[in-house]
Amino acid sequence: MNLFRRPAPSLDDLIFEAPGDTSSSDSLMPSVARPAQVFVRGQGSWLWDSEDRAYLDFSQGNAANSLGHSPQVLIKALTDQTQALINPGNGLHNRAQLNLAERLCHRTGSDQAYLLNSGAEAVEAAIKLARKWGQLHRGGAYRIISASAGCHGRSFAAMSASAGGPENRFEPQLPGFSHVPFNDLPALHAAVDAQTVAILLEPIQGEAGVIPATEHYLKGVERLCHELGILLILDEVQTGMGRCGTLLAEQQYGVRADIITLGKGLGGGVPLAALMARGKACCFDVGELDGTHHGNALMASAGLAVLDAVLEHGFMDHVGESGVYLGEGLARLAYRYDHGQLRGHGLMWGLTLSEDSAEAVVKAALHEGLILNAPQPNCLRFTPALTVSKSNIDEMLLRLARAFSRVRTAQLQCRKGIAV
């Protein structure tokens, strides 16, 4: 026996080397786990760290950077608006706010819109709107049914509506929420009672691992809401603004929600979200919604620039074609490395891995200069810029293949107990 044999290295030891960055995060409260790199600039699908190393970004702020990093249309819009007016105050109208609300309503067939700062805020406002409607039209009904493994944000009502994500250490949750299995119409129907006011769903469950609703299910939910006289709320914070190849994912399914939430890609990287309502769901009165930066002129100008870009002729065709190209490439890699199911629409894809190695793959990919996201231990999520090129996709696939190989080699070495 070799008493001086070093212990077998961990997977991280074998696939990942920490960079030599000197910046400290000691003063930050802990939140998400971040790598040590400090990023200083970005352009399109690329980011550069403080060591001037380039990284191909196929997360794009978890789908927030819809046009990529620092797009010229966004820079111009923000620059022009900064020079004119940043924030007149939430008690006053501004032109960008009015224009964005009007254009969102016109393009989505909504009747009213309200601008906020984040997707979680938009969901909170949707919950308030549904409960207000329940007081007016359904005898005070207030309960909202959502889907198991769903994620609607980290504020209190949004957390209570969510059934996925990390352990909730902030109990008690807010009352009035229940969860049923996703894509299960009978379970949903059975959960509705006299106190139910709405059903809240993501068309594609992003944090659950990019799980799309089936067309049969979502159309059935719409029909159920109409028959029972309750509201349908679609959380399109991640799926909206062209991410799935249409302005809203509901268009992919041929359904029409009463309330829609938008966020992430609406601002193209700046904090902006929207609550939209149709018909009978429009029931807020003056004083029931408010926020210091809601409808901020600077952020609204960004939303207008993004909306203009997404609605340009040929843009959605590009998203569709790029999405097919990305999906085909990922399918080839999944087959080659014996991974599992590939799911998604447009430029939102999830790849199930053969085992719970997603974190290791993300770290290995970072070592290869590729930024990815792992919403689940066995799943990778791909949300590149909607402007991504085929050459960017090809380069991503090469780097991902190297990351898969690196992890596979490290796994074999760990199983054999090889020490370095």
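Values quoted throughout were computed directly from the atomic coordinates according to the rules given, and no laboratory measurement underlies them. Keep in mind the model is a prediction, meaning the values are calculated, not measured. No Cβ is skipped: glycine too gets one built from the backbone with ideal geometry, and neighbour counts run over all protein chains shown.
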Diffusion constant of the range 292-358 at 20 °C, which comes from Stokes-Einstein with the Kirkwood Cα-pair radius and 1.002 mPa s, µm²/s: 147
Taking the dipole about the Cα centre of the range 72-310, with the C-beta of Lys and Arg at +1 and of Asp and Glu at -1, give me whichever of 295, 93, 217 is farthest to the positive side. 93
Helix 297-310 sits at what angle to the longest principal axis of the chain, using alpha carbons and giving 0 to 90 degrees rounded to 10? 70
Under a Gaussian network model of the chain whose springs join Cα atoms within less than 10 Å, the largest fluctuation of 150, 340, 314 belongs to 314
Ranked on Cβ counts within 10 Å of their own Cβ, fewest leading, 246, 108 go 246, 108
The range 320-397, dipole about Cα centre (Lys/Arg Cβ +1, Asp/Glu Cβ -1), debye to the nearest 20: 120
Quick one: grab the alpha carbon gyration tensor of the range 339-384, order the square roots of its eigenvalues as a ≥ b ≥ c, and give me rounded if a/c is under 1.5, else prolate or oblate depending on whether a/b is larger than b/c. oblate
Among 180, 210, 73, which comes first, second and so on when ranked by fewest other beta-carbon atoms within 10 Å? 73, 180, 210
Per residue convex hull volume, Cα only, the range 366-419, in Å³ is 86
Return the tail of the calculated pair distribution for the range 308-420, meaning the percent of Cα-Cα pairs more than 17 Å apart. 55
Can you tell me the 0 to 90 degree angle between the C-alpha axis of helix 390-416 and the longest principal axis of the chain, rounded to 10? 60
Packing-wise, with mean Cβ within 10 Å as the measure, how do 33-40, 91-98, 379-386 rank, highest first? 379-386, 91-98, 33-40
Work out Dmax and Rg for the range 186-272 from the C-alpha atoms and quote the Rg first, both in angstrom. 13.4, 41
What does the charge dipole of the chain about its Cα centre add up to, to the nearest 20 debye, if the Cβ of each Lys and Arg holds +1 and the Cβ of each Asp and Glu holds -1? 440
So what's the angle, to the nearest 10 degrees on a 0 to 90 scale, between helix 72-84 and the longest Cα principal axis of the chain? 50
Within the set 391, 110, 31, GNM on the chain using Cα springs under 10 Å gives the largest fluctuation to 31
Sort 325-331, 126-132, 111-117 by packing, meaning the average of other beta carbons within 10 Å per residue, with the highest value first. 126-132, 111-117, 325-331
With the calculation restricted to Cα positions, what are the radius of gyration and Dmax of the chain in angstrom? 22.5, 79
Restricting to the range 72-310, compute how many DSSP beta bridges are antiparallel as a %, nearest 5. 40
Computed over the range 72-310, the convex hull of the Cα set has an average projected area, in nm², of 12.6
Running Debye on the range 78-175 with equal point scatterers at the Cα sites and no solvent, what base-10 log of I(q)/I(0) appears at q = 0.11, 0.12, 0.19 Å⁻¹? -0.50, -0.58, -1.05
Between the residues 67, 187, 134, the Cα farthest towards the positive end of the dipole of the chain, that dipole coming from +1 and -1 charges on the beta-carbon of Lys, Arg, Asp and Glu, is from 187
Structure-based [θ]222 nm, the chain - -39500 (n - 2.57) summed over DSSP H runs of at least 4, per residue, nearest 500: -12000 deg cm²/dmol
Given a Förster distance of 25 Å, the FRET efficiency implied by the Cβ-Cβ spacing of residue 195 and residue 289, rounded to the nearest 0.05, works out to 0.55
Relative contact order computed over the chain (Cα-Cα under 8 Å; 6+ residues apart), in percent: 24
